[in-house]
Amino acid sequence: MKAKLLLYSLFTIYYSLLKAGSGYVFLADTSKLFFVNNNEIYTTGGKQLLYFQKGNIFFNGTADDRQNIFLLTTSMNPGSEKLESVYEKDNRQASFTFTGKKFYSGKTESDDLRPRTELIHMQRLKKWLAFYASYNDTLLAYYNFDSLSPSTAIMVAYTLTKKFELEKMLVASQPIQKVFENNAYATIKPFWGNTTANEWIWDGKFFRPRWNVDPKLAWTFDGETIKQYYGNNINLQYSWDGETLKPIWRTNRAEEWSWDGRQLKPVWDTDWANQYIFEDGILKPWSTNHPEREWQMDGDLPIPLIILVISGIAKPY
């Protein structure tokens, strides 16, 4: 009898909590993301408090101490008509913005430019509140009660953005004409044969296959270091000093290349077919007839990125 009363009491408490604004946020595959109770966000077991909201601040842990500040926002209303900002701890620049139940990367004031940075949009279907990835309109997560607090919806959107790396996916999914402003990009492709399969494009920040938007194939170059955009494989990180490209964290002489202002070649390879010169906008072996090794370039492409392609370090698929 006591067990039945206890079970009934627990059920009553659980049901009242749901009515008061508690429940699970589920991912699209029905696995649990959070347990929420009004403005408090817990682990899926409901025992450990992860975040809570007080005013315009999200704290992590259980105390509203300064060192526990996690996010600051200019509003706790995701449906605000005004563009609101989200600041990560110790950042003075907005990491994300939101308005009208849409979340954006960075702070883009222009209505014309904002669609390019849209990460997540929210939609209510009867009592369900759903979160969708904006780049391909796929369901990410949902809450199947109508009592999810507005502040919690902001934290859910933030978490989904990080969990699914939506900023990377957005960049990779956009058409070339939207990613590169004013057509300020450079390309390299084979002069003969199947040029589409191995054509690469550079916008000053990202270097990737032009017709394959998989972010795992993209690279970044800051003038000194080349590395893959997606992942932290230290074996695929290279240094450039203006004359020599070589791996940073390992020794591999087969991947060391040099540029003397006239000739591009491997440091430790004497094969003439691998010694290149530029002639009328075409990169070609300087003393042998190898049309399959000729490359056409358009725009200002950094030498080390050219090396990535002609050496085969960068893969187009």
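Could you order 259, 211 so the one with the most accessible surface comes first? Probe is 1.4 Å.
Numbers: 259 50, 211 155 Å².
Accessible-area ranking of 259, 211, largest first: 211, 259.
Considering all alpha-carbon pairs of segment 254-308, what whole percent are spaced by more than 13 angstrom?
On the way: 867 of 1485 pairs.
I get 58 percent for the Cα pairs in segment 254-308 exceeding 13 Å.
Averaging over all projection directions, find the projected area of the Cα convex hull of segment 17-154 and quote it in nm² with one decimal place. Write down the numbers at each step before the final one.
Numbers: hull surface 34.6 nm².
Quarter of the Cα hull surface area: 8.6 nm².
Across the Cα atoms of the chain, what radius of gyration and what greatest pairwise Cα-Cα distance (Dmax) are found, in Å?
26.1, 95
Would you calculate the separation in nanometres between label points at residue 222 and residue 130, each defined as 7 Å from the Cα along the Cα-to-beta-carbon direction?
4.0
Expressed as a fraction of 2.2 N^0.38 Å, the rule-of-thumb size for a compact globular protein of N residues, what is the C-alpha radius of gyration of segment 200-268? Please report the intermediate quantities before stating the final value.
Working: Rg = 12.8 Å, N = 69, 2.2 N^0.38 = 11.0 Å.
After normalising by residue count via 2.2 N^0.38 Å, the value is 1.16.
Normalised radius of gyration for segment 27-69, please: alpha carbon Rg relative to 2.2 N^0.38 Å, two decimal places.
Values: Rg = 11.5 Å, N = 43, 2.2 N^0.38 = 9.2 Å.
Relative to the 2.2 N^0.38 Å estimate, segment 27-69 comes out at 1.25.
For residue 39, which sequence-distant residues (separation of 5 or more, or a different chain) have an amide H within less than 5 Å of its own amide H, given hydrogens modelled in the peptide plane?
Those lying under 5 Å, H to H, from residue 39: there are none.
So if I restrict to the alpha-carbon atoms in segment 188-229, what is the Rg, and what is Dmax, the biggest pairwise distance, in Å?
11.0, 32
Using only the alpha carbon atoms of segment 213-317, find the Kirkwood hydrodynamic radius as the inverse mean reciprocal pair distance, in angstroms to one decimal.
On the way: mean 1/r = 0.0694 Å⁻¹.
Hydrodynamic radius (Kirkwood, Cα only) of segment 213-317 equals 14.4 Å.
Just the Cα atoms of segment 62-105: what Rg and Dmax do they give in Å?
Using the Cα atoms of segment 62-105, the pair Rg, Dmax is 11.4, 32 Å.
Taking only DSSP H segments of four or more residues, each worth -39500 (n - 2.57), what value at 222 nm results for the chain once the sum is divided by all its residues, to the nearest 500 deg cm²/dmol? Working shown, then result.
Values: 5 runs with 54 residues, N = 317.
Mean residue ellipticity at 222 nm (helix-derived): -5000 deg cm²/dmol.
Accessible area per residue for the chain in Å², computed with a 1.4 Å probe and the full protein assembly in place, what is it?
Numbers: 17480 Å² over 317 residues.
So the chain comes to 55 Å² accessible per residue, rounded to a whole number.
Over the chain, what relative contact order in percent results from Cα pairs under 8 Å that are six or more residues apart?
On the way: 593 pairs, mean separation 29.2, N = 317.
Here the relative contact order equals 9 percent.
Excluding ligands and nucleic acids, what accessible area in Å² is computed for residue 288 using a 1.4 Å probe, to the nearest 10?
Roughly 50 Å² of residue 288 is accessible to a 1.4 Å probe.
If I take R0 = 30 Å and measure r between the Cβ atoms of residue 139 and residue 69 in this structure, what FRET efficiency does the formula 1/(1 + (r/R0)^6) give, to the nearest 0.05?
Working: r = 31 Å, r/R0 = 1.04.
Computed FRET efficiency for residue 139 and residue 69: 0.45.
Any chance you could give the angle, 0 to 90 degrees and rounded to 10, that helix 150-163 forms with the longest Cα principal axis of the chain?
Tilt relative to the chain: about 30 degrees.
Using DSSP to define loop residues, name the GluC sites (Glu not before Pro) in segment 57-118 whose beta-carbon has at most 12 other beta-carbon atoms within 10 Å. Walk me through the intermediate numbers first.
Working: sites: 81, 84, 88, 109, 118; in loops: 81, 109.
Counting only loop positions with at most 12 other Cβ atoms within 10 Å, the GluC sites (Glu not before Pro) in segment 57-118 are 81, 109.
Which residues' amide hydrogens lie under 5 Å from the amide hydrogen of residue 210, considering only partners 5 or more residues apart or on another chain, with H built in the peptide plane?
Sorted by chain and number, the residues that satisfy this are 199, 200, 201.
The values are calculated or read from the model by the stated rules, or taken from the named source; none is laboratory data. For clarity, every value in this text was computed on a predicted model and none was experimentally measured. Here the Cβ is made from the backbone with ideal geometry for all residues, glycine too, and neighbour counts use every protein chain on show. Only protein heavy atoms, including side chains, enter the accessible area calculation; ligands, DNA and RNA are left aside. Shrake-Rupley method; radii C 1.70, N 1.55, O 1.52, S 1.80 Å.
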